[in-house]
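Below is a structure I'd like to ask you about.
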């Protein structure tokens, strides 16, 4: 009373699925190997080299006795921080009303070249 199970189409479909998945796994592994070889061999990727956002320009030393123009702040403002920003000078100032403003200045002329309002909501 041994009955043979006829699972022909199901077995055949399972074999096809296993073969296709095996080929996909080999292709993925090959892609990983190729990516690693390209990364560690220093191959050209076509991307430009990273460059600084703004070049740092060194100012020429000032002669003794040189008088620089004054930096004019809004009335009642006070300087919180000051830092070089490329060829400019960045000042974070607090205004009389408590809001803050970032000023970008040309250090040789004292002119404001840009501002950014910082407000609390």
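The values are calculated or read from the model by the stated rules, or taken from the named source; none is laboratory data. Every value quoted in this text rests on a predicted model; they were computed, and no experiment measured them. Quick reminder, even Gly has a Cβ in these numbers, built from the backbone with ideal geometry, and neighbours come from all protein chains shown.
Can you pull out the residues in segment 79-119 that are loosely packed, with under 13 Cβ neighbours inside 10 Å, more than 26 Å from the chain's Cα centre (by Cα) and more than 22 Å from residue 66 (Cα to Cα)?
79, 80, 96, 97, 98
I'd like to know if segment 53-73 contains one or more residues that are surrounded by 10 or more Cβ atoms within 10 Å (Cβ to Cβ), closer than 25 Å to residue 121 by Cα and modelled with pLDDT of 80 or more.
yes
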